[in-house]
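One structure is given here, and the rest of the page talks about it.
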Amino acid sequence: MRRWTTRTWGIVCAVGATAIGAAYLAAAGAPSHYVAIQLAALGIGLAAIAVLARIPGSFSERFSAPALVLLGTLLLATALVGASVDGAARWVKLGAVYVQTSLVVLPAMLLLFARSPGRLGVAAMALAALALALQPDRAMAGAFAVGLAVLALLRAERLTIAAALCGLGAFVGALAQPDALPAFPFVDRILFTSFDVHPLVGAAVVAGALALLLPALAGGERDRRWVFGATWLAIVSAAALGNYPTPLVGYGGSAVLGYLLSVALLPGAARVAREAVACETTSEGLAHDQSLRAATV
């Protein structure tokens, strides 16, 4: 029986949590276009995974650093000229839809950096840190800091530690500014308000939110899995503690896209196959060495 990859677990969890979120929105009487936007974001995210899976690993790793700088610049541009609500500039307006840029790109940035940290990557982390402090966004700054701290603990190198300090600076900068956005219906505080619809609905919403963390428990490369899990745990925790979007089970296509983009950067079938071949080759080499030693003795 073929083993599920970490990426497969992420896709299954994303589909399940989004389905729970759509059911909650319908049961809670949310506008019908909320459900449509949620499902459209799911479709776009799954298509993105299919496209990114076809890009050769060597090509994607070569362009990871420029991609990080581009995404960091996008975050900073959002903070400087993006749509603002009550002093918080976190969104880009696309027609009638507001996209929270940090929820879309930040988890993917952390996984890109975890895969191939470098000097340009640290510069991109500094850009992202400045953007999160300026927006300000305590929830995403906290997730940013937690993800980079976990990476620095797993891989205590000069570049990862420098990036972790950028994350800490972003969080301190966000905390130093007021962040008093009210709770938006069907978006914030969903882990609590969903129980007002029905206890079973509330339990399903909480289970869907926790399911987002399951890919971190799957097999495969440890660093990216743990950074992924720590980042999304921080985002879910922020949604429970304050007026911040509840990913996938609450309304917000940005979180759906962000989750699936980060899932796309988890180890897939090709990576698992390469690891299996490497392990098999190593095992054969050890067996050969042992047979040679036995013959020599």
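What helices (runs of 4 or more DSSP H) completely inside segment 190-271 contain at least 1 residues that are open to solvent by 30 Å² or more (accessible area, probe 1.4 Å), closer than 19 Å to L148 by Cα and not aromatic (F, W, Y)?
Because the criterion is at least 1 residues that are open to solvent by 30 Å² or more (accessible area, probe 1.4 Å), closer than 19 Å to L148 by Cα and not aromatic (F, W, Y), the helices (runs of 4 or more DSSP H) in segment 190-271 that meet it are 222-241, 253-264.
Could you tell me whether any residue of segment 64-78 is open to solvent by 60 Å² or more (accessible area, probe 1.4 Å), modelled with pLDDT under 95 and of a type outside the set (V, I, T)?
yes
Looking at segment 17-60 only, could you name the residues that are open to solvent by 40 Å² or more (accessible area, probe 1.4 Å), β-branched (V, I, T), within 22 Å of P215 (Cα to Cα) and in a helix (DSSP H, G or I)?
Answer for segment 17-60, where residues must be open to solvent by 40 Å² or more (accessible area, probe 1.4 Å), β-branched (V, I, T), within 22 Å of P215 (Cα to Cα) and in a helix (DSSP H, G or I): I20, I44, V51.
Do we find that F184 is out of contact with any Asp or Glu (no Cβ under 8 Å at 6 or more places or on another chain) and closer than 29 Å to A124 by Cα in this structure?
Details: out of contact with any Asp or Glu (no Cβ under 8 Å at 6 or more places or on another chain): yes; closer than 29 Å to A124 by Cα: no.
In short, no.
Assess whether G82 counts as being in contact with a Phe, Trp or Tyr (Cβ under 7 Å, 6 or more places away or on another chain) and buried (at least 19 other Cβ atoms within 10 Å of the Cβ).
So G82 fits the description; yes.
The values are calculated or read from the model by the stated rules, or taken from the named source; none is laboratory data. Keep in mind the model is a prediction, meaning the values are calculated, not measured. Positions of Cβ are generated from backbone atoms using ideal geometry, with glycine treated the same way; all protein chains shown enter the neighbour counts. Heads up: the accessible areas ignore ligands, DNA and RNA and are worked out on the full protein's heavy atoms, side chains in. Shrake-Rupley method; radii C 1.70, N 1.55, O 1.52, S 1.80 Å.
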